[in-house]
1. I'm trying to understand the selection: among the residues of segment 218-232, which are in a loop (DSSP other than H, G, I, E, B) and over 22 Å from residue 288 (Cα atoms)?
2. Return the residues of segment 161-179 that are farther than 20 Å from residue 258 by Cβ and of a type in the set (Ser, Thr, Tyr); say none if nothing qualifies.
3. Determine if segment 281-289 includes at least one residue that is closer than 28 Å to residue 102 by Cβ and of a type in the set (Val, Ile, Thr).
4. Is one or more of the residues making up segment 168-177 within 16 Å of the chain's Cα centre (by Cα), part of a loop (DSSP other than H, G, I, E, B), farther than 21 Å from residue 33 by Cβ and at pLDDT below 95?
5. Across segment 204-246, what is the total count of residues that are surrounded by 17 or more Cβ atoms within 10 Å (Cβ to Cβ), at pLDDT 95 or above and aromatic (Phe, Trp, Tyr)?
6. Has segment 300-319 got at least one residue that is of a type in the set (Lys, Arg) and assigned to a helix (DSSP H, G or I)?
7. Within segment 255-290, can you find the residues that are touching an Asp or Glu at 6+ places or on another chain (Cβ under 6 Å) and more than 17 Å from residue 163 (Cα to Cα)?
8. In segment 94-121, which residue that is exposed (fewer than 15 other Cβ atoms within 10 Å of the Cβ) and of a type in the set (D, E, K, R) is nearest to residue 284 (Cα to Cα)?
Amino acid sequence: MSKILLFSLVSNFTCLSAEEDMKTWFGDPDLQGVWTNASLTTLERPDEYESLLVTEEEANRAATFSAEFTDAIDNPYEEGETPKAGENVGGYNTAWMDPGTKLFKINGEYRSSILIYPENGKLPRKWVRWGIEAPSIYRMFTQANHPEERSLGERCIVGFGSTGGPPMLNVLYNNHYQIVQSPGYVMILVEMNHDARIIRIKGSHLPDHIKPWLGDSVGHWEGNTLVVKTKNHHLQQRFRAAIRHQILITETAEVTERFTRTSEDEILYEFSVDDDVAYRDVWKGEMPLRKAEGKIYEYACHEGNYSMANILAGAREEERRNQ
């Protein structure tokens, strides 16, 4: 009997200690640390998958294909072969790329997409192709008449592809986030482009005419879950493009995020986007943020953006050739 009682006391103490360890010194659930959302799982479901859940065989096949594709990029020529004159020499060395090496898991199950709603894993766009059916929105950030017509990611103002969010999505590289908490605030440092999201706890939203680069975020706690609502999205953050996804987040959209610490090494990140200007329905997604080793170092995107002059000059030359 005494052994049973002792075991019960030790078990209860262990549970209480674990709960206390997951709290900040001021009593809020502890989300702090450096985290990554790097993964081969994409926002929308690829056509080869029929459902949200993926078998281990399918997940292994995706990982193998990604590794072989990366190796092919690194070694486009046979041994001793040299590029032909004028041939495209390629872009980044893959040492700069870090999209992840496998599909992510939630509750022990591989996922084919970040999107969980709509159930088909596709964005409920009002326009199937931004550039054709929503030309004014698309062209706003894909022309080259002046620097402001280029995307914010290209101009190194914020990261591309909504890596800074909200919602915070995985991209080709630099998928790290550092969360720091203090009484009344949660700060998320986004590796690319070293942006800091300041989330006020139990605060009020800013007036509608004030639109920060990453929107205006206000949070509150629901048990151990941080719930963040973001409004007042910046006009120039409308079109967010990456290699693996393109999304629109218009100024009147409302994005709701949920951060729940599920273990020492993982946060479940959930989000929903309500934007009736660009979409026929709300869309929702979820993905894990996994603990990363080391620190986040400065993302030195550019010093002066010397390429901008060449981009604009190239556009003028193209116009002359087309006259």
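1. Taking segment 218-232 first, the residues in a loop (DSSP other than H, G, I, E, B) are 223-224, 232.
232, the sole residue that qualifies.
2. Across segment 161-179, the qualifying residue is only 173.
3. no
4. Of segment 168-177, the ones within 16 Å of the chain's Cα centre (by Cα) are 168-177.
From what is left, the residues that are part of a loop (DSSP other than H, G, I, E, B) are 168-175.
Then keep just the ones that are farther than 21 Å from residue 33 by Cβ; that gives 172.
Still in the running and at pLDDT below 95: 172.
Checked segment 168-177: at least one residue is within 16 Å of the chain's Cα centre (by Cα), part of a loop (DSSP other than H, G, I, E, B), farther than 21 Å from residue 33 by Cβ and at pLDDT below 95.
5. The total comes to 0.
6. Yes - at least one qualifying residue is present in segment 300-319.
7. If the condition is that a residue be touching an Asp or Glu at 6+ places or on another chain (Cβ under 6 Å) and more than 17 Å from residue 163 (Cα to Cα), then 274, 282 are the ones that fit.
8. For segment 94-121, the residue satisfying everything is 119.
The values are calculated or read from the model by the stated rules, or taken from the named source; none is laboratory data. Treat the numbers as computed from the prediction; the structure is a model and nothing was measured. Note: ideal-geometry Cβ built from the backbone for every residue, glycine included; neighbour counts use all protein chains shown.
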